[in-house]
Structures are given as C-alpha cells and as structure tokens.
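Worksheet: one structure, shown below.
Computed from the coordinates by the stated procedures, all read-outs in this text should not be read as laboratory data. The shown structure was predicted, so the numbers you read here are calculated from the model rather than taken from an experiment. Backbone-built Cβ (ideal geometry, glycine too); neighbour counts: all protein chains shown.
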Amino acid sequence: MELLSSFFKESNPNKMFEDFIFAHTQTTKMGEEMISKLRHQVLLFEKPASEKVKKCKKPKNIVGRQKIMKSIGDIPNESIKYYLFIPMYKLWQQYAAEVLGKVISNPTKGQIMSNCQKLVRLDYHGCLITVLDSKCNSYIGHTGIVIKESQNTFTIVTLKDERKTIPKRNTVFAFNYGNVMFKLFGNNFRVRPSLRCSKRFKDKPTTEYL
C-alpha cells in the first residue's frame, strides 16, 4: 500500500512510469531495457479479436457462365451445328465492344499497351477466330466460334459443323473487331482463362517462332 501511495503522489507521468517499472524489476539495467521497449508502444490489455480469413468468392454470374460454357463444350459431336452458335457470337461482339471500346487503326504506344492488357483478359468464348499460322499445317485456315477454352487449347465449331480443338502452343490466331484485325500469339495465352482474366501481366516482347 505504501508503494502504491508514493507512486500515485508523483505529478510527473514519465517519472511515475519509470518509478513503477524500476520498482517491479530486479535490476536497474532490466528496468531501463523494459522502459526502452515499452515507451511509445501501444499496449493491449484485452485479447484482440481474431481476424477471419475471407475466402475469395467468384461472383455468381461468373460461376454460372463457366458452368454454361462447360456444358456447351461437352455437347456431342453429332449435335454440333455452326448456326446454333451464331447468337453466342453476337453476344460476344457486344461484350467485346464493352471491354475494348473504340479501337483506332493507328494507335499510340500507350494505346497499344492498353489494348494488349485488354486482349489478355478478354473472355474468348463466342469469339470467331481463324488460325493464321501454326507449326502443324493441318490447323492453318480453320475458322470457327470458340465454344471452349482451356489452358492449352481453343475448341471451335467450324462452318462445316465440325468441332476442332486447336493447341495454343506455336499457333497464331486472329479475330476481327470492327475494321481492325487482332493477332493472338497462342504461346502468350497458355494460362487458365480464370487466372488470365484477373491477373495483370507484364508487357514482354513477342519472339517469332514459326
């Protein structure tokens, strides 16, 4: 009681703090070390509430879209008809217009970089693409609507009502948007579509490989 009484009679808060520490440590050196550690620190006397780790949830509309695309990709070959996917292509055109906006034929360097980022993130389900070049000559010239995309392939429905799975590796694709033709180098798109849409990629020069 006498110790507490003398402690609270002090008028200087810093002196009170130091006296209290020295009174409850075995040596002066220990007291000085503790004062050095505690000064300017915020002390919590209650157990802090544990932070709950929030799981990243995909928006419901994206999940639903992925389920639809998966079911489309699983359609039997005998049921594949090009004309059935024309409405899907028209919807993709509307979607691309919202993402890409107005594209000019002679863009600046900054506009080119911006367009590249948009192209990488674009969802190509419903896009009408053509194989411009490939190490496998049998793929060259195929044109069709993309009905399924994986990390390494595009699956398209051709004008002849055929399903074709085209590897991205060592293949150059192209699609038209307005009066502009975009080339897609498949090697740069070998990423899972779900990751490609959310991840930001660094701009790198494209190496000719064909």
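What the table below lists for this structure:
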| read-out | value |
| --- | --- |
| Under the Karplus curve 6.51 cos²θ - 1.76 cosθ + 1.60, θ = phi - 60°, whole-Hz ³J(HN,Hα) for the stretch 143-152, x wherever Gly or Pro sits | 10, x, 8, 6, 10, 7, 10, 10, 4, 10 |
| Vicinal HN-Hα couplings computed from phi for the stretch 175-186 (Karplus, 6.51 cos²θ - 1.76 cosθ + 1.60; Hz; Gly/Pro x) | 8, 9, 9, x, 9, 10, 9, 9, 9, 10, 7, x |
| Dipole of the stretch 77-196, positive direction: furthest Cα of Leu195, Leu91, Gly141, with charges on the beta-carbon | Leu195 |
| Ranking of Glu18, Glu98, Glu32 by count of other Cβ atoms within 10 Å, fewest first | Glu98, Glu32, Glu18 |
| Footprinting exposure proxy for Val99, Val172 (fewest neighbouring C-beta atoms within 10 Å first) | Val99, Val172 |
